[in-house]
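As structure tokens, the structure follows; a few thoughts come after it.
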Amino acid sequence: MNHPKLYVTALFILLKTISFSQNQNNIWYFGDRAGLSFNTNPPTTLNDGVFSHAEGVSSICDINGDLLFFTNGLKVWNSNLVTMPNGFGLLGDNSSSQILIIPNPGNCNIYYIFTTPSQSLLGGLYFSI
């Protein structure tokens, strides 16, 4: 039986294991309150996520691999799993498959969260700071 999702997950884990990183992507949250921490070898499963989300999610860590925050494109949670101040009203959607967090190159304390709306809505790329 062919399991494409399993193969893709295994590929990402393999690439993460053999690639050089600055630890900013060491913690992933996804799916049904699940996540992975790549701060250990082998990776550690996380079961403390706050959402059940079938599609796009994103997280960012500091250079030490410590979680800063994560988002499902609708809300943003901090490392204590609490909604951040003004961490709601992002213009993503439960069916958005793309969410991206980018640090500001000139200020390491500012991050941009890029979201996309539902495919059924007109719109494009949105960002929040």
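Figure the gain on full extension for PHE127 and LEU81 (residue separation times 0.36 nm, minus the Cα-Cα span) and round it to one decimal in nm. Mind dumping the intermediate values first?
Details: separation 46, 0.36 × 46 = 16.56 nm, distance 2.16 nm.
Additional length available on full extension: 14.4 nm.
Please sort 105-113, 32-40 by packing, taking for each peptide the average over its residues of neighbouring beta carbons within 10 angstrom, highest first.
Numbers: 105-113: 11.1, 32-40: 15.4.
Descending mean neighbour count gives 32-40, 105-113.
I need the phi-derived Karplus couplings for region 63-68: 6.51 cos²θ - 1.76 cosθ + 1.60, θ = phi - 60°, integer Hz, Gly and Pro marked x.
Per-residue couplings from phi come out as 5, 8, x, 7, 4, 9 Hz.
Given points 7 Å out from each Cα along the Cα-Cβ axis, report the ASP62 to THR45 separation in nanometres with one decimal.
Taking the two extended label points, one gets 2.9 nm.
Can you list residues from other chains, or at least 5 along the same chain, whose modelled amide H is less than 5 Å from the amide H of MET84?
VAL76, TRP77, ASN78
How big is the Kirkwood radius of region 58-111, worked out from every pair of different alpha carbons and given in Å to one decimal? It would help to have the intermediate numbers written out before the result.
Numbers: mean 1/r = 0.0847 Å⁻¹.
That comes to 11.8 Å for region 58-111.
Considering only the other residues whose Cβ falls under 10 Å of the Cβ of ASN72, what net charge follows from Lys and Arg at +1 and Asp and Glu at -1?
-1
Read-outs: derived from the displayed coordinates by stated rules, not from any lab. Please read all numbers here as calculations on a predicted model, not as lab measurements. Virtual Cβ from ideal backbone geometry, glycine too; neighbours counted across all protein chains shown.
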